[in-house]
1. How about the range 164-189: which of its residues are out of contact with any helix residue (DSSP H, G or I) (no Cβ under 9 Å at 6 or more places or on another chain) and assigned to a helix (DSSP H, G or I)?
2. Taking the range 66-95, which residues are out of contact with any strand residue (DSSP E or B) (no Cβ under 8 Å at 6 or more places or on another chain) and either closer than 24 Å to residue 122 by Cα or among the aromatic types (Phe, Trp, Tyr) (or both)?
3. Which pairs turn up if I take residues in the range 243-254 that are touching a residue at least 40 places away in the same chain (Cβ under 8 Å) and outside any loop (DSSP other than H, G, I, E, B) and look for partners that are open to solvent by less than 70 Å² (accessible area, probe 1.4 Å) and not hydrophobic (A, V, I, L, M, F, W, C) with beta carbon separation below 6 Å, at least 6 apart in sequence or on another chain?
4. I need the full set of residues from the range 157-173 which are open to solvent by 60 Å² or more (accessible area, probe 1.4 Å) and over 17 Å from residue 112 (Cα atoms), in order please.
5. Which pairs turn up if I take residues in the range 25-50 that are under 19 Å from residue 71 (Cα atoms) and look for partners that are among the aromatic types (Phe, Trp, Tyr) and open to solvent by 60 Å² or more (accessible area, probe 1.4 Å) with beta carbon separation below 7 Å, at least 6 apart in sequence or on another chain?
6. For the range 115-140: of the residues being touching a Cys at 6+ places or on another chain (Cβ under 8 Å) and open to solvent by less than 10 Å² (accessible area, probe 1.4 Å), which is nearest to residue 252 (Cα to Cα)?
7. Return the total of residues in the range 52-68 being within 20 Å of residue 79 (Cβ to Cβ) and hydrophobic (A, V, I, L, M, F, W, C).
8. Would you say residue 104 is closer than 19 Å to residue 234 by Cβ and more than 9 Å from the ligand (Cβ to nearest atom)?
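The values are calculated or read from the model by the stated rules, or taken from the named source; none is laboratory data. Note that this is a predicted model, so its numbers are computed, not measured. Backbone-built Cβ (ideal geometry, glycine too); neighbour counts: all protein chains shown. These area figures cover heavy atoms from the full protein model, side chains too; ligands, DNA and RNA do not enter into them. Shrake-Rupley method; radii C 1.70, N 1.55, O 1.52, S 1.80 Å.
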Amino acid sequence: MSYSTLLTNLENGIYTITINRPDKLNALNKEVFTDLEKAVEEIQNNAAIKSAIITGAGSKAFVAGADITEFSGLSKVQGMSLAKRGQDIFFKIENSTKPIIAAVNGFALGGGCELAMACHFRIASDNAKFGQPEVNLGLIPGYGGTQRLTQLIGKGRAIELLISGNIIDASTALQYGLVNYVVPSAELLNKAILILLVINTKAPLAIAASIKAANAVFNETSNGYATEINAFGECFDTEDMKEGTNAFLEKRKANFIGK
Ligand code: COA
């Protein structure tokens with residue numbers, strides 16, 4: 001299958017998906033969402049695919065977030081439906097019966113960090129950077145980030161990152177347990193491939209069952225995802241969200257007023 005915003009390659013049962021908008025740091029716009037959803041379906045339906053890697057084009061970014069240009073003028077309800085759309089696609093990744101891992105090759109911010117966290121585990125290059133900087137835009141993560149960050153690194157560290165917008169480097173991400181390995185950039189894809197080549201020799205049904213059982217630990221938090229959708233939508237009703245996103249697009253500092 002071919003995609004307008006993704007490059008794909010199938011070799012040795014490993015399907016490598018490269019988000020390909022390097023001039024916009026691979027920001028997630030509507031087209032990327034549509035393509036990602038189809039690619040995850042392809043992973044499920046194509047028997048030749050045993051596992052997958054998601055990475056970003058270029059040397060700078062995995063994904064620098066949701067495409068902020070698409071936020072302008074959204075209402076609360078439209079914001080909620082955007083969050084629901086993102087959450088639905090990321091649930092499909094998380095619930096894939098075949099392993100999908102993130103090879104984080106640079107900035108993984110906002111929706112990019114959320115995408116990486118929806119994957120089954122993460123490998124980072126030494127120049128990778130992680131964060132949920134939505135608070136700088138008068139926003140919160142909407143694609144499951146408030147939930148998965150808390151699951152992966154614990155509440156205290158998660159809340160600090162969510163409310164400070166701080167960006168952490170790859171070695172801190174490793175220390176926090178957000179990523180499993182940090183390797184030099186040039187070795188990132190190779191490392192991901194070597195890990196998946198071993199996984200690909202294991203029993204597919206047992207792999208699927210392992211993923212399902214591990215995901216089940218967090219089932220009871222599913223209300224948190226609904227809370228996130230509401231809170232994300234409510235941000236779109238605030239002056240601060242308009243100010244924050246305009247300031248980013250106008251390349252200036254935001255002046256928040258608490259309304
Ligand atoms: N949405 C839309 N466009 C984005 C984007 C995003 N999330 N992130 C980067 N871009 C665009 C920039 O607007 C710029 O486009 P232009 O060349 O047409 O002006 C291009 O990608 C390159 O980004 P730039 O900001 O010039 O690179 P930088 O090296 O100076 O800074 C970042 C890199 C990642 C620190 C910065 O791009 C950034 O803060 N991005 C937004 C991160 C964010 O808030 N994500 C959460 C969104 S909910």
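1. 170, 171, 172, 174, 175, 185, 186, 187, 188, 189
2. 71, 83, 84, 85, 87, 88, 89, 90, 91, 92, 94, 95
3. What qualifies is 244/138.
4. First, pick out the residues of the range 157-173 that are open to solvent by 60 Å² or more (accessible area, probe 1.4 Å): 157, 159-160, 163, 166-167, 169, 171.
Of everything in the range 157-173, those that are open to solvent by 60 Å² or more (accessible area, probe 1.4 Å) and over 17 Å from residue 112 (Cα atoms) turn out to be 157, 159, 160, 163, 171.
5. Sorted first by the residue in the range 25-50, then by its partner, the pairs are 25/107.
6. By that ranking, first place goes to 139.
7. In the first step, residues of the range 52-68 are kept if they are within 20 Å of residue 79 (Cβ to Cβ); the result is 63-68.
Next, only the ones that are hydrophobic (A, V, I, L, M, F, W, C) stay: 63-64, 66, 68.
Final tally of qualifying residues: 4.
8. Details: closer than 19 Å to residue 234 by Cβ: no; more than 9 Å from the ligand (Cβ to nearest atom): yes.
No; evaluated as a whole, the condition is false for this residue.
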